[in-house]
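Participant: Pasting a structure below so you can have a look.
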Amino acid sequence: MLQTKVWVTSEKVSGIGTTIAAFTGPLYKFYPRIKSPGLLDLMTVTRWDVPSRCDVEHNGKILKGSGSFILTEESPRSTRFDWSETVIAPRALFLLVVPFLYAGVRISLSKFARSFH
């Protein structure tokens, strides 16, 4: 994701129960030395079906909800990536960041798609 630093926060590095943190913000490269402006998203893996699915629960102070990442083979050379999120966040925060979030997701997914061509 654009302007995001992600790392595993548990001793367990894969599978159900693994915990992950993601900091998104313009100074993400300097986190945790510089903690703002930005948003820390804390997640726990709740489903792990290798190689096709990973579900997470967002359990941070500000951001809560769930997410799913699903890979579906469409042909020997093509895989579909479905990503869905249900996010519970304060309305003011959501309205403030949604334009940037939308742009960031579009740019990130475009770069991701180009990396396979």
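Participant: Please count how many residues of segment 23-49 are crowded, with 17+ Cβ neighbours inside 10 Å, at pLDDT below 95 and either among the hydrophobic types (A, V, I, L, M, F, W, C) or in a strand (DSSP E or B) (or both).
Facilitator: Within segment 23-49, residues that are crowded, with 17+ Cβ neighbours inside 10 Å, at pLDDT below 95 and either among the hydrophobic types (A, V, I, L, M, F, W, C) or in a strand (DSSP E or B) (or both) number 5.
Participant: Here are 110, 36, 52, 75: which of them is in contact with an Asp or Glu (Cβ under 9 Å, 6 or more places away or on another chain) and among the small types (Gly, Ala, Ser)?
Facilitator: The conditions single out 52.
Participant: Pull out all pairs, ordered by first then second residue, where Cβ-Cβ is under 9 Å, the residues are six or more apart or on different chains, the first lies in segment 21-33 and is free of Cβ contacts under 8 Å to residues at least 24 places away in the same chain, and the second is among the aromatic types (Phe, Trp, Tyr) and part of a loop (DSSP other than H, G, I, E, B).
Facilitator: Correct list of pairs: 23/31; 25/31.
Participant: I need every pair where a residue in segment 61-79 that is closer than 17 Å to residue 39 by Cβ has its Cβ under 8 Å from the Cβ of a residue that is surrounded by 13 or more Cβ atoms within 10 Å (Cβ to Cβ) and small (Gly, Ala, Ser), sequence separation at least 6 or different chains.
Facilitator: Qualifying pairs under 8 Å: 62/89; 63/89; 64/89; 65/89.
Participant: Still on this structure, please answer the following. Take segment 50-99 and flag every residue that is surrounded by 14 or more Cβ atoms within 10 Å (Cβ to Cβ) and either modelled with pLDDT under 85 or part of a loop (DSSP other than H, G, I, E, B) (or both).
Facilitator: Within segment 50-99, 60, 63, 89, 97 qualify.
Participant: Give the residue, chosen from 79, 4, 72, that is within 26 Å of residue 114 (Cα to Cα), among the β-branched types (Val, Ile, Thr) and touching a helix residue (DSSP H, G or I) at 6+ places or on another chain (Cβ under 8 Å).
Facilitator: Criteria check complete, one pass: 4.
The values are calculated or read from the model by the stated rules, or taken from the named source; none is laboratory data. In this text, all values refer to a predicted model and were calculated from it rather than measured experimentally. Here the Cβ is made from the backbone with ideal geometry for all residues, glycine too, and neighbour counts use every protein chain on show.
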